[in-house]
Amino acid sequence: MIPKPDYGIDAPPVVRALSISGILFCAASSKGFSSSSYSLTTAYIFLIAGLLFITLALLMLYSSKSGKLKQRDRLIDSLSIKGNETIVDLGCGKGLLLIAAAKKLTSGKAIGIDIWKDTDLSKNNPDTTNRNAMLENVAERVEVKTADMRDLPFDDESIDIIVASMALHNIKNKEERKKALQEINRVLKPEGKIAIMDFKHTDEYVTALKEMGRRNVVLSGLKFGMFPPVRIVSVNCKYNPRPKGHPLC
Ligand SMILES: C[S@@+](CC[C@H](N)C(=O)[O-])C[C@H]1O[C@@H](n2cnc3c(N)ncnc32)[C@H](O)[C@@H]1O
């Protein structure tokens, strides 16, 4: 059997906690229905809570395995990659955006940086990313580095395109996230492109990038193909914006 690339599961501890809680609540509810341990109302509440947790876990699994891949394709298409660019994927994990971007290159380079936290992505390590790049036949266009997005190992104004998927929110502190955005602004060429996909803090990214003087900063509407639903913050690319009139458009 030909091995397939594996892009992992986002936030595995959250998926695990939701699944276990769901199973425990369902088990507790069945005890309520089959004996008189507690009232029927309590048993129904446990059942609803259990089913809700299991549904959320399944939605997160679907998102990692399918929804995210479809959203990735739209994001990469919006960049209109010519082929000779240097593209950086921040928090590249197993290479979801990195490898899709590399497929559009002819002479350019796609560089992924990460600190490989396995609480953010299952079995997260650079060997898997390089293996995925090999399986997708783009290994020669891909480079993987260990680096923190708050201290990027690139010269000022040296990068054409910067992308990130579900990565910036993993920096918990607002000031620290701002450092990552300042690094993006430092290394990106003046007319460079940005596409950041995330499920929270996207308003904050828009405001910071505008304050840094970036033009054509656009925030997309919610994309429900992923769970939690995401927005895309884009600079100089053709991502469909929020409806006209929104204060951040
Ligand atoms: C949810 S995973 C997403 C991975 C990949 N972008 C994807 O969409 O499949 C978040 C990634 O961000 C990385 N990460 C978290 N904080 C980071 C930081 N400060 N600098 C670089 N990478 C970071 C984690 O190690 C992880 O690989």
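Just need the relative contact order of segment 163-229 here, percent rounded to a whole number, with Cα pairs under 8 Å and 6+ apart.
36 percent
For n ≥ 4 DSSP H runs only, could you compute -39500 (n - 2.57) per run for the chain, divide by its residues and tell me the 222 nm figure to the nearest 500?
Details: 7 runs with 98 residues, N = 249.
Here the helix-only value at 222 nm equals -12500 deg cm²/dmol.
If the convex hull of the alpha-carbon atoms of segment 44-171 is projected onto planes in all directions, what is the mean projected area in square nanometres?
Values: hull surface 36.2 nm².
Answer in nm², one decimal: 9.0.
Which helices pass in the chain if a helix is a full DSSP H run, must span at least 24 angstrom along its long axis by Cα, and must have mean Kyte-Doolittle hydropathy not below 1.0? Mind dumping the intermediate values first?
Details: long enough: 12-34 (33 Å, 0.96); 40-62 (33 Å, 2.25).
Result, helices passing both filters: 40-62.
Count charges around V187 for me, please; just the other residues with Cβ under 10 Å from its Cβ, Lys/Arg as +1, Asp/Glu as -1.
Working: positive: R186, K189; negative: D155, D156, E157, E183.
Cβ neighbours under 10 Å give a net charge of -2.
Can you give the net charge of the other residues whose Cβ lies under 14 Å from the Cβ of Q71, counting K and R as +1 and D and E as -1? All intermediate terms of the calculation are to be shown ahead of the outcome.
Details: positive: K65, K68, K70, R72, R74, K223, R231; negative: D10, D73, D77, D198.
My count for the surroundings of Q71 gives +3.
Please give the Cα centre distance for segment 187-202 versus segment 82-105, rounded to the nearest Å.
14 Å
Order of 184-195, 23-34 by packing, highest average Cβ count within 10 Å first?
Numbers: 184-195: 19.7, 23-34: 15.2.
Descending packing order for the listed peptides: 184-195, 23-34.
With +1 on each Lys and Arg Cβ and -1 on each Asp and Glu Cβ, how big is the dipole of segment 95-249 about its Cα centre, in debye rounded to the nearest 20? Could the numbers behind the result be given before it?
Working: 26 positive and 21 negative charges, 136 e Å.
Roughly 660 debye for segment 95-249.
How high is the relative contact order of the chain, given as a whole-number percent (alpha carbon pairs under 8 Å, six or more residues apart)?
Working: 471 pairs, mean separation 43.3, N = 249.
It comes to 17 percent, rounded to a whole number.
If the limit is 26 Å between Cα atoms, which of K109/K238; K70/K123; K179/K200; K145/K189; K104/K174; K68/K189 go over it? Working shown, then result.
Values: K109/K238 22 Å; K70/K123 22 Å; K179/K200 17 Å; K145/K189 20 Å; K104/K174 33 Å; K68/K189 28 Å.
Long pairs (Cα-Cα over 26 Å): K104/K174; K68/K189.
What whole-number volume per residue, in cubic angstrom, does the convex hull of the C-alpha atoms of the chain give?
Values: hull volume 35.4 nm³, N = 249.
Enclosed volume per residue, from the Cα hull, is 142 Å³.
Throughout, read-outs are computed from the coordinates displayed, never taken from laboratory work. The structure displayed is predicted, hence computed values, not measured ones. FYI the Cβ positions are ideal-geometry reconstructions off the backbone, even for glycines, and counts take in every protein chain you see.
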